[in-house]
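Asks: Input: one structure, supplied below.
Every read-out reported here was derived from the displayed coordinates using simple, explicitly stated rules and does not represent laboratory data. Just so it is clear, the structure is predicted and the values come from calculations on it, not from any experiment. Because the Cβ atoms are built from the backbone with ideal geometry, glycine has one as well, and the counts that use them run over all protein chains shown.
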Amino acid sequence: MEYSNDYLKITGGINASSHLKSKANDLAYTIGSLLAFADVKVVKTYSVGSNSSNTNSVWFTTLTSENTPKGFKQVTFRCAHMNYADFKKLGIKIGKIFKRGEVCYMPGTGGTKYSHIHIEFGFGKIKGSGWYKLSNGNWTISTTQGSCHIWEAIYMRKGVEIAKLGDYRDDYAWQYKKELQSQLTDLTKVNVTYKKGLNLRKSIQGNVIRTLSCGNTEIFDSIHFLLPIAKDGFQWAYGVKNGINHYFQLDLKCINLI
C-alpha cells in the first residue's frame, strides 16, 4: 500500500488533543480528494446525513493482504467528516469497492468546524462496532489485529510534497518502496511452466483457487513480484488473468518464465 496523493499536509497529528491515546491523523483539505491506497471495500458507515453534526464516517478494508511496512497484512482504515453531498456523489454504501487510485473519500466539515479528513488505520478486519471509546473520551478504530500508525500501514511515495506544518512531526517514520526494490521486475504476457505443483490463491493467506499441475503452462497477462524479496528463493508474486489476481509462491529455481 502506498500513499496515492501528490501532497500531504497533516493539520492534526497523533499528539492533537482529540487524538491522544489513538493513532489518528487529520489530513488537510488542501490534499484534495483522498485516493485509495489499494483496492478497498466499504465495510461500515456511521452518522450519515446532511445535518451539521453528521460525520459521514466510512470504514474501508483492503480486499486482500497488502504489502505494508510491517509485512503482508489486510488493512482497515476509517475516514470521517466528508460532507453528505460528496458522500452521495461517491455512491458510498456497504460493499462498494474502490480501486487503487480512485477517489474514495473527500475532505469536509461534517461534524466539525474546519474542512479536513480524519483518518486512522488498523491491521486486519473490522472488529465489533469498528471503534471503541478510550479512557480520555476519544474514540479509536477497532480491528482484529489492532490499530497502527499511518507510516506502518502505507509506504510513502517518492515525489510527494509533505508540508511539515501544524501538528506534523519529523518522527513520522515513513518507508519508501523504491528503496527496497530488487532486480526482479514485473513481467507482461507471461507463460508460466512450473516444475512442481503450484497453488493459486485468492490472497497470500487465502484459500487455494486451483492448482497448476506439474509441467503445465499457465498464461498470465502480467506477473508482479511482491516485497519483501525472499532470501530463500521462494518469492511471493501474483499473476493477473482476465482481471483477476492469482497469488502464488514461486520457487525461482523451478520455474520457466517466457
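Asks: Pop a pseudo-label 7 angstrom from the Cα along the beta-carbon direction at both T112 and R157 and give the gap in nm to one decimal.
Replies: 2.2
Asks: Something else: Applying 1/(1 + (r/R0)^6) with R0 = 35 Å to the Cβ-Cβ distance of K127 and N199, what FRET efficiency is obtained, to the nearest 0.05? Don't skip to the end; give the middle numbers.
Replies: Values: r = 29 Å, r/R0 = 0.83.
Once rounded, the FRET efficiency stands at 0.75.
Asks: List V40, V208, V103 from most exposed to least, where exposure is judged by having the fewest other Cβ atoms within 10 Å.
Replies: Details: V40 25, V208 11, V103 15.
Ranked by crowding around the Cβ, least crowded first: V208, V103, V40.
Asks: Can I ask one more? Ranking request for peptides 199-206, 26-33, 158-165: highest mean number of other beta-carbon atoms within 10 Å first, then the rest in descending order.
Replies: Details: 199-206: 15.8, 26-33: 18.9, 158-165: 11.6.
Packing order, densest peptide first, comes out as 26-33, 199-206, 158-165.
Asks: Length gain on complete extension for the stretch S47 to T30, per 0.36 nm per residue less the alpha carbon to alpha carbon distance? Could the numbers behind the result be given before it?
Replies: Details: separation 17, 0.36 × 17 = 6.12 nm, distance 2.41 nm.
So the chain would gain 3.7 nm between S47 and T30.
Asks: In this model, which of K21/K96; K127/K177; K73/K99; K113/K158; K21/K99; K23/K202 are farther than 21 Å apart at the alpha-carbon?
Replies: Numbers: K21/K96 31 Å; K127/K177 29 Å; K73/K99 18 Å; K113/K158 32 Å; K21/K99 31 Å; K23/K202 30 Å.
Long pairs (Cα-Cα over 21 Å): K21/K96; K127/K177; K113/K158; K21/K99; K23/K202.
Asks: How would you rank 64-71, 86-93, highest first, on the average number of other Cβ atoms within 10 Å across their residues?
Replies: Numbers: 64-71: 19.2, 86-93: 15.1.
Ranking the peptides 64-71, 86-93 by packing returns 64-71, 86-93.
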